[in-house]
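Just below is one structure, and these are the notes that go with it.
The values are calculated or read from the model by the stated rules, or taken from the named source; none is laboratory data. This is a predicted model, so every value here is computed, not measured. Cβ sites come from the backbone with ideal geometry, for glycine too, and all protein chains shown count toward neighbours.
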Amino acid sequence: MDLNGKSVLITGAGRRIGAGLAKAIAARGAKIGIHYNRSKKEAASVAKAIEKQGGTVFLTQGDISDVGDCGRIIAETARAFGGLHVLINNAAVFFKTPLLQTTEKDWDQTLDTNLKGAFFCAQAAAKIMQKNGGREDRALPVRVRGVGALGASLPGPHIGSIINIADWAAIRPYTDYLPYCISKAGIVAMTKGLARTLAPKITVNCVAPGPILLPEDFDKREKKILVARTPLKRIGAPEDIINAVLFLLEGTDFMTGSTIVVDGGRLIA
């Protein structure tokens, strides 16, 4: 997909990886819908940075654990841009939930935001994407140094893309974070189901990050252990996830229902 002029909505785009995605995709010429819930100042800062570079931005606030807000967020963005081509389900909550202390409130907050919210945002987005019509361009040529362009831009039925951000813990769960891990495992399953349902016009894929942007108060000793257990011996950077998302959007049009794990090799450790 050629992102220039396309409309892209990113949930949870005020901070961290979401903010990085917004800036990187805006640099490709896309119009960016920045969703936030509580991070109003951060979202405004991201929007200002994009506008400073000549980009087009629309800010939308909402709690995606509320189905009504999911529909409104999608509708407002599509109305502002005259349509919607890409949805990136990035918003999520993450907090410790030891098994024997986990409450129903903990469960509901996590699953409602991370899984239910992503599902109903995807549902609302798909309804709008199906109205795009026309014929989209398939993947742009990928240029490899010393080789040249691989593939060509071919006409195809692709009119939209949904990318879900999961977690490598969907496959190898963390202890003390079971509701979170279950929600992300649901995202992986949802990706496959949506891909089958929405093919061939809308592709649906998933990126599952490993250790990226650790919390500022993350224990230094635990960080050393984490790095030691990671085959590539480092913590991932936001760019690692951004590049995976850009590949799914720009690098291929023959991929759907897939999950790309970007974890420095943690799954094989």
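Here are a few things to note about the model shown:
- Residue in the range 202-211 that is surrounded by fewer than 16 Cβ atoms within 10 Å (Cβ to Cβ), at pLDDT below 95 and either within 21 Å of P238 (Cβ to Cβ) or under 19 Å from the mean Cα position of the chain (by Cα) (or both) present: no
- Restricting attention to the range 8-50, the residues that are at positive phi and in a loop (DSSP other than H, G, I, E, B) total 2.
- Under the condition of being at pLDDT 95 or above and hydroxyl-bearing (S, T, Y), the residues counted in the range 127-180 number 3.
- Hits in the range 225-254 (condition: part of a loop (DSSP other than H, G, I, E, B), over 17 Å from A208 (Cβ atoms) and either among the aromatic types (F, W, Y) or without any contact (Cβ under 8 Å) to a residue 60 or more places away in the chain (or both)): K233, R234, F254
- Filter pass, G5 being surrounded by fewer than 24 Cβ atoms within 10 Å (Cβ to Cβ) and part of a helix (DSSP H, G or I): no
- Total residues in the range 52-66 satisfying the condition of being surrounded by fewer than 20 Cβ atoms within 10 Å (Cβ to Cβ) and either part of a helix (DSSP H, G or I) or β-branched (V, I, T) (or both): the figure is 2.
- Flag if I171 is surrounded by fewer than 23 Cβ atoms within 10 Å (Cβ to Cβ) and under 15 Å from the mean Cα position of the chain (by Cα): no
- Looking only at the range 67-93, and only at residues there that are aliphatic (A, V, I, L, M) and assigned to a strand (DSSP E or B), the one that is surrounded by the most Cβ atoms within 10 Å (Cβ to Cβ): L87
- For the range 94-117, the set of residues classified as crowded, with 21+ Cβ neighbours inside 10 Å and either on the phi > 0 side of the Ramachandran plot or hydroxyl-bearing (S, T, Y) (or both) consists of T110, T113, listed by residue number.
- Just one of the listed residues (E222, E239) is modelled with pLDDT of 95 or more, surrounded by fewer than 18 Cβ atoms within 10 Å (Cβ to Cβ), farther than 23 Å from T113 by Cβ and not basic (K, R), and it is E239.
- In summary, T11 fulfils each of the numbered conditions (1) farther than 22 Å from V207 by Cα; (2) in contact (Cβ under 8 Å) with a residue 12 or more places away in the chain with the single exception of condition (1).
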